[in-house]
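**Student:** Input: one structure, supplied below.
The values are calculated or read from the model by the stated rules, or taken from the named source; none is laboratory data. If you're wondering where the values come from, they're calculated on a predicted model, not measured in any experiment. A quick note on method: Cβ atoms are made from the backbone with ideal geometry, for glycine too, and the neighbour counts reach across all protein chains shown. Note: accessible area is taken over every heavy atom of the protein model, side chains too, but ligands, DNA and RNA are not part of it. Shrake-Rupley method; radii C 1.70, N 1.55, O 1.52, S 1.80 Å.
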Amino acid sequence: MSIPLASQPQAGKKPPTATRMKKGLKQWMAVLPFIFLGVLGTAVFVVYPMIRNIFISFQDYSIMPNAENPFVGFENYVSAFTDPNNKVLMAIRNTILNVIVTVPINWLLAIVFAVLINLHFVKYKLVFRTVYYLPIITSWIVVAFLFRFLFAGGEYGLINFIFYKVLGIFPEPVNFLSNYWTAMVVIWLFHIWKTVGWGVVIYLAGLQGISKEYYEAAQIDGASGIRQFWNITVPMLAPVTAFVIINLVNGAFNFFPQVYFITRGGPMDQTQTLPSLMYMQAFKNFNFGYASAVAVMMGITVFLVTYTQMKKFGNQKML
């Protein structure tokens, strides 16, 4: 029995609108629980605390039950910059120094190590990737105690022992954590050692997308390895570099464990950064309004810096 021609499905004909709507609704129902959980988590753990923090920054806030939290306007913001001890200004200076010092060093070490591993240690790439990434997954507290031991004052700290006792370079033991600049150097070294492996892994992944034909053509033209690095590798990795630098800057703004576990802000609060100052003011001095005001100003600054970087890198022509 032959099927009527009118009832046979025609090739290329779109299904009815009702069928397409039913299929789309079914797909939305499948993903809706995951979207709902993401939106709910963002609202509870990001949006609400952010809005609540802004309100607290305009109050003389107390965590005591049934305590009054009077509205004080911009008093917390004004007191942050009129503090006779200049704590906020010192924290801003240290935070800016963190960005200026650690971001270029971190970026340069990450891309150089990644290129060297990709060129000369291809067989052991997985091993090196694991070794470089290990500090990142190691506990901040463990690494902090390691650095406190390395740079301990007196002649029995490991660095002092090597450079004072063994090599005789230091005329006397150095109290690294009792001096502002040496303490800052220890914090910077701690941060770089702990985080440089992340950049190495990201760049190793990015290097896989660069065709070897570029390097072969450069070798034919007589370009040296350094010229190939600056004229091929760096430009070709520009999108990856944008991602890495933005994250490195954000990480440099969020120096908290680096300071808290190494110096606790000492000596005399000179190594405080904005995150550590917020923590100390909120949970040590119970000055929550002041700490919230500093947090709001820092959040605005990080947003503006990140937005500016994204616009800058976005406007560049990527190869």
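**Student:** Please compute the alpha carbon radius of gyration of the stretch 98-216, then divide it by the globular-protein estimate 2.2 N^0.38 Å. Two decimals is fine.
**Tutor:** In units of the globular-protein estimate, the stretch 98-216 measures up at 1.32.
**Student:** Of all the accessible heavy-atom surface of the chain, with the other protein chains kept in place and a 1.4 Å probe, what percent is carbon and sulfur?
**Tutor:** Carbon and sulfur: 69 percent of the exposed surface of the chain.
**Student:** I want the local charge near K284. Using Cβ-Cβ distances under 15 Å, sum +1 for each Lys or Arg and -1 for each Asp or Glu among the other residues. Write out the running numbers ahead of the final one.
**Tutor:** On the way: positive: K87, R264; negative: D269.
Once all neighbours under 15 Å are counted, the net charge is +1.
**Student:** May I ask you to give the solvent-accessible area per residue for the chain, in square angstrom, as obtained with a 1.4 angstrom probe? Don't jump to the answer; show the numbers that get you there.
**Tutor:** Details: 20260 Å² over 319 residues.
I get 64 Å² per residue for the chain.
**Student:** Nearest 0.05, what FRET efficiency do I210 and F170 give at R0 = 35 Å with Cβ-Cβ as r?
**Tutor:** 0.20
**Student:** How about K212: which aspartates and glutamates have a C-alpha closer than 18 Å to its C-alpha, ignoring those fewer than 8 places off in the same chain?
**Tutor:** D221
**Student:** Within the P(r) computed for the stretch 77-314, what percentage of the Cα pairs occupies the region above 29 Å? The partial results should precede the final answer.
**Tutor:** Details: 11776 of 28203 pairs.
Counting every Cα pair in the stretch 77-314, those more than 29 Å apart make up 42 percent.
**Student:** When Lys and Arg each count +1 and Asp and Glu each count -1, what net charge do the other residues less than 15 Å away from A91, Cβ to Cβ, add up to?
**Tutor:** My count for the surroundings of A91 gives +2.
**Student:** Express the relative contact order of the stretch 120-275 as a whole percentage, based on alpha carbon pairs under 8 Å and six or more residues apart in sequence.
**Tutor:** Across the stretch 120-275, relative contact order equals 26 percent.
**Student:** With axes computed from alpha carbons, what is the tilt in degrees of helix 140-150 against the longest principal axis of the chain, rounded to the nearest 10 within 0 to 90?
**Tutor:** Between the helix axis and the principal axis of the chain, the angle is about 40 degrees.
**Student:** Excluding ligands and nucleic acids, what accessible area in Å² is computed for D60 using a 1.4 Å probe, to the nearest 10?
**Tutor:** For D60, solvent-accessible area is about 90 Å².
**Student:** How much length would be gained if the chain were fully extended between R227 and K26, taking 0.36 nm per residue of separation minus their Cα-Cα distance, in nm to one decimal?
**Tutor:** Full-extension gain reported as 66.8 nm.
**Student:** Taking 0.36 nm per intervening residue step and subtracting the Cα-Cα distance, what contour gain separates F81 from N250 on full extension?
**Tutor:** 58.5 nm
**Student:** Which whole-angstrom value gives the distance between the alpha carbon centres of the stretch 132-209 and the stretch 272-288?
**Tutor:** 25 Å
**Student:** Rounded to the nearest 0.05, what FRET efficiency is calculated for A18 and I54 with R0 set to 35 Å and r the Cβ-Cβ distance?
**Tutor:** 0.15
**Student:** Which peptide among 64-72, 90-98, 129-137 comes first, and what is the full order, when sorted by highest mean count of other Cβ atoms within 10 Å?
**Tutor:** Values: 64-72: 9.9, 90-98: 20.2, 129-137: 13.7.
Answer by packing, highest mean first, reads 90-98, 129-137, 64-72.
**Student:** To continue, here is another question. Once you put a point 7 Å from the Cα of F303 and another 7 Å from the Cα of I141, both along the Cβ direction, what distance in nm separates them?
**Tutor:** Going by the 7 Å Cα→Cβ label model, 3.4 nm.
**Student:** Under the rule of -39500 (n - 2.57) per DSSP H run of 4 or more residues, summed and divided by the residues of the chain, what mean residue ellipticity at 222 nm is obtained, to the nearest 500 deg cm²/dmol?
**Tutor:** That comes out to -20500 deg cm²/dmol.
**Student:** Now a separate question. Taking a cut-off of 26 Å between Cα atoms, list the lysines near K311, but don't count ones fewer than 8 places away on the same chain.
**Tutor:** Correct list for K311: empty, as no lysines qualify.
**Student:** Given Cα pairs under 8 Å that are at least 6 residues apart, what percent is the relative contact order of the chain?
**Tutor:** In percent, rounded to a whole number, it is 25.
**Student:** Next up: Counting only other residues whose beta carbon sits under 14 Å from that of A293, what net charge do I get with K and R as +1, D and E as -1?
**Tutor:** -1
**Student:** Moving to a separate point now. Hey, what D do you get for the stretch 227-308 in µm²/s if you plug the Kirkwood alpha-carbon radius into Stokes-Einstein at 10 °C and 1.306 mPa s?
**Tutor:** Approximately 108 µm²/s, per Stokes-Einstein.
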